[in-house]
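Before any comments, here is the structure.
Bear in mind that the values in this text are calculations on the coordinates, not laboratory data. Because the structure is a prediction, the values reported are computed rather than measured. Cβ atoms come from the backbone with ideal geometry, glycine included; neighbour counts cover every protein chain shown.
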Amino acid sequence: MSIPRLDTFQVIADPSRRQILNMLTQDSMTINSLAENFDMSRPAVSKHIKILYGAGFISIQDVGRERVCTLKEDGFKDLQEWLKFFDDFWKSKLKKLETILNNNKKNKTK
């Protein structure tokens with residue numbers, strides 16, 4: 001049985017998970033070192049990490065007795081694609097507006 005992939009936007013909707021992602025931009029961190037930054041239990045932090053892992057945002061590697069979390073570029077693809085769609089949408093709208101304004105400007109100078 002395969003586990004369904006979590007919705008990217010539900011995953012990043014939680015402020016604690018976004019904070020974990022931000023912390024991991026500095027360097028890879030152990031689960032314990034991540035947990036030290038939160039006013040919640042280690043199991044609660046572990047649950048957030050498990051969700052980030054399940055969504056593909058992070059990888060977890062066993063190093064000795066520690067579990068080290070690292071950001072994964074692949075996990076951000078859904079976000080990048082979604083943002084690119086709207087970026088392209090607005091660029092297209094602005095290009096059309098520019099064309100209209102240029103045509104109006106040309107018509108006024110005739």
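Listing for the model above:
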{"quantity": "Above-threshold pairs, the threshold being 30 Å between Cα atoms, out of 47/93; 50/93; 50/77", "calculated": "47/93; 50/93"}
{"quantity": "Contact order normalised by residue count of segment 1-86, Cα under 8 Å, 6+ apart, percent", "calculated": "30 percent"}
{"quantity": "All Cα pairs of the chain, percent lying beyond 22 Å", "calculated": "48 percent"}
{"quantity": "Fewest-first sequence of 82, 90 by Cβ atoms within 10 Å of each Cβ", "calculated": "90, 82"}
